[in-house]
Structure formats: C-alpha cells, structure tokens
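K.L.:
For reference, the structure I am asking about is given below.
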Amino acid sequence: MRKPLIAGNWKMNKTVSEAVDFVNRLKSHIPLNPPGDSFRGMSDVEVVICPTFVTLSEVGKILEGSSIKLGAQNMYMQENGAYTGEISPLMLKELGCRYVIIGHSERREYFKEDNKLINAKIKLALKYQLRPILCVGETLSEYQDNQTIDVVRTEIREGLAGIDEEQMSQVAIAYEPIWAIGTGETATPSDANKVHKIIRKIISDMFDAKTGEKTRIQYGGSVKPDNMSALMEQPDIDGALVGGASLSAESFIRIVNYDKKD
Ligand code: PEP
C-alpha cells in the first residue's frame, strides 16, 4: 500500500513573512492529531512543503513537531566549496528538510540541467538521507510526436543510474507533462494513469517488481482542488506535485483533502 505523497512547490514565490503566515494557517487547518475518520488529509497522506531556500529556516521552525514535512526545490551536487550561489544537501539537512525536488522541468529548461547532473544530485541527496522527488515529463511537441514514453524512460534510466533497490525505496517520481505545468491544461486522469503504469513498469524492469510496486509516482501539472479527487481515484497515481495551487493555503488544504467542493 503506497501512502500518497502531496508536495507543494512554491517555486520563486513568497517572502519570509508571507511564508510564515501561510504555514501558520496551514498548520491550524491540519492538526497534529487528526480527529478521526472524517478528517482524511493527514491520516492518509504525507504532505510536504517546498518553499524557497531563504524561507526554509523559518518555515522549518513552524513545522517542527508537525506531520507536515519540509522539502527543498533543488540542491547542488557537491557538499561544499567554491560554487557561488549554490546550496548543499548538508545545509538542507540541517534545516530539517526531508525531501528535495530534483530535475524539475524548469531546472532542465532554464538552467540546462541534464540527466547526468540530475543523477549526481540524486546520489548525493540519498547520501544525506534527503528523499529525492525526481521530476520527469515530455514537452508539448514530444507529446504531439508520441514520444512521451521514450522521454520518461530515458529520464528515469539516466536519472536513476547506479541507484540500488534500497536507495530507490527513498525516491519518489513526479510525472509532470511539461505542457500541463502552469497552463491550466491537465492530462486526463486516465491518460496520466497510463503513463504512471508504464513508469512503474520501467522501475520494475530497472530494479525489481517489488520496487516498482512500492515506488510512489506523483502526478504534476495544473493540479487543483477540482481535479485532485479524480486523479487520486487512479490506481497508479500516488499523490501530486502541486505548483500554482499550493500557493493559497485554502486551495492546498482542499487538495490535501481531495476536496473538490466550493
Ligand atoms: C510544478 O511546477 O511542478 C507544477 C506542477 O506546477 P502547476 O501545478 O502550477 O502546474
């Protein structure tokens, strides 16, 4: 049984005061001890917030002792040294990060991150017990050319090269069709599920069937309160990586609860 993983990726949004306000509101809506079956969110799902680097410290302090986990949006693939402007996994670890997003399409596109670099980051994250969320997904033209599976297969094989089964138990995959990110377009739940199922098979072939079965595969791309429950009904969708809709406490709380009602 895979516990759904729902992560909010704030990208380059929210100042420290805005972040503090958001997380305080989130915490007051997501209690430490869920009050029984009627509250579905925290008993059934793992929730992660990935704020900017400069807000991690304050957000981490507020989340201490809470079931909401802290994640980073990126890291560098060295422990320390002369890498101006970069952030090491050791620094993230000390601030209480448990997860780190690696290989987001915006990093691949704007910062020219390739699968080799992404693989190095994943290995270093694992060395410091940070759980990587590896993002994969095709562009619109690749989608139109029916290349989705080839693209995600290469990103997964190269991104996870040299990782063993035990390490893989710490990794989650986020399938994010790039044409659906921030556009309001989403893959239909059943189309997304088809890709997730194939990703699971790719993982099973790379590692073993048990690892494939255990790996959590999130969907990302314009996830909103309205479409979350339909996505989560799919058997191979194990949560979501949420960008825009994670910036409002109200909508993120609804997503975590699969609550599509206004
Ligand atoms: C993302 O950037 O990972 C993402 C899925 O963004 P959005 O939810 O805004 O499409």
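The values are calculated or read from the model by the stated rules, or taken from the named source; none is laboratory data. Note that the coordinates shown come from a computational prediction; the quantities given were computed from them, not determined experimentally. So basically every Cβ, Gly included, is an ideal-geometry build from the backbone, and we count neighbours across all protein chains shown. We work out accessible area using only protein heavy atoms, side chains counted, and drop any ligands, DNA or RNA first. Shrake-Rupley method; radii C 1.70, N 1.55, O 1.52, S 1.80 Å.
K.L.:
Are there any pairs with C-beta distances below 8 angstrom linking a residue in the stretch 93-106 that is more than 16 Å from the ligand (Cβ to nearest atom) to a residue that is assigned to a loop (DSSP other than H, G, I, E, B) and modelled with pLDDT under 95, with the two at least 6 apart or on different chains, and if so which?
P.N.:
That search, which allows pairs on different chains as well, returns 96/64.
K.L.:
Against the definition (modelled with pLDDT of 95 or more, of a type in the set (A, V, I, L, M) and surrounded by fewer than 20 Cβ atoms within 10 Å (Cβ to Cβ)), how does residue 16 come out, yes or no? Show your work before the answer.
P.N.:
Numbers: modelled with pLDDT of 95 or more: yes; of a type in the set (A, V, I, L, M): yes; surrounded by fewer than 20 Cβ atoms within 10 Å (Cβ to Cβ): yes.
For residue 16, the condition - modelled with pLDDT of 95 or more, of a type in the set (A, V, I, L, M) and surrounded by fewer than 20 Cβ atoms within 10 Å (Cβ to Cβ) - is met.
K.L.:
On to the next question. Specify which of the listed residues (157, 200) is part of a helix (DSSP H, G or I) and either open to solvent by 60 Å² or more (accessible area, probe 1.4 Å) or within 12 Å of the ligand (Cβ to nearest atom) (or both). Before the answer, list the steps.
P.N.:
Values: 200 fails: either open to solvent by 60 Å² or more (accessible area, probe 1.4 Å) or within 12 Å of the ligand (Cβ to nearest atom) (or both).
Step by step, each of 157, 200 is checked, and only 157 is part of a helix (DSSP H, G or I) and either open to solvent by 60 Å² or more (accessible area, probe 1.4 Å) or within 12 Å of the ligand (Cβ to nearest atom) (or both).
K.L.:
So, one more: Within the stretch 214-235, identify whether any single residue is among the charged types (D, E, K, R), part of a helix (DSSP H, G or I) and touching a residue at least 40 places away in the same chain (Cβ under 8 Å), and answer yes or no.
P.N.:
Filtering the stretch 214-235 down to residues among the charged types (D, E, K, R) leaves 214, 216, 224, 226, 233.
Okay, now just the ones that are also part of a helix (DSSP H, G or I), so 214, 226.
Those still in the list that are touching a residue at least 40 places away in the same chain (Cβ under 8 Å) too: 214.
Checked the stretch 214-235: at least one residue is among the charged types (D, E, K, R), part of a helix (DSSP H, G or I) and touching a residue at least 40 places away in the same chain (Cβ under 8 Å).
K.L.:
Within the stretch 123-136, can one find any residue that is at pLDDT 95 or above, charged (D, E, K, R) and either over 22 Å from residue 243 (Cα atoms) or open to solvent by 80 Å² or more (accessible area, probe 1.4 Å) (or both)? Let's see the steps before the verdict.
P.N.:
From the stretch 123-136, those at pLDDT 95 or above are 123-136; that's our starting set.
With the extra rule that they be charged (D, E, K, R), the set shrinks to 123, 127, 131.
In the following step, the residues that additionally are either over 22 Å from residue 243 (Cα atoms) or open to solvent by 80 Å² or more (accessible area, probe 1.4 Å) (or both) were identified as 123, 127.
Yes: one or more hits.
K.L.:
Among the candidates 61, 121, 112, which residue alone is closer than 27 Å to residue 24 by Cβ and not in a strand (DSSP E or B)? Reasoning before the result, please.
P.N.:
Values: 121 fails: closer than 27 Å to residue 24 by Cβ; 112 fails: closer than 27 Å to residue 24 by Cβ.
Answer to the selection: 61.
K.L.:
Follow-up. Would you please list the contacts, defined by Cβ atoms under 7 Å and residues six or more apart or on different chains, that run from a residue in the stretch 158-182 that is under 15 Å from residue 205 (Cα atoms) and modelled with pLDDT under 95 to a residue that is more than 13 Å from the ligand (Cβ to nearest atom) and not acidic (Asp, Glu)?
P.N.:
Pairs found: none.
K.L.:
Sticking with this structure for a sec: May I ask you to list the residues in the stretch 173-196 that are more than 16 Å from the ligand (Cβ to nearest atom) and either more than 20 Å from residue 145 (Cα to Cα) or open to solvent by less than 40 Å² (accessible area, probe 1.4 Å) (or both)?
P.N.:
Across the stretch 173-196, the qualifying residue is only 193.
K.L.:
So which residues in the stretch 205-253 are closer than 20 Å to residue 153 by Cβ, among the small types (Gly, Ala, Ser) and more than 12 Å from the ligand (Cβ to nearest atom)?
P.N.:
209, 212
K.L.:
Could you please find all residues in the stretch 161-174 being farther than 15 Å from residue 127 by Cβ and touching a Leu at 6+ places or on another chain (Cβ under 9 Å)?
P.N.:
172, 173, 174
K.L.:
If you go through the stretch 209-232 one residue at a time, how many are open to solvent by less than 10 Å² (accessible area, probe 1.4 Å) and farther than 19 Å from residue 249 by Cβ?
P.N.:
Qualifying residue count for the region: 8.
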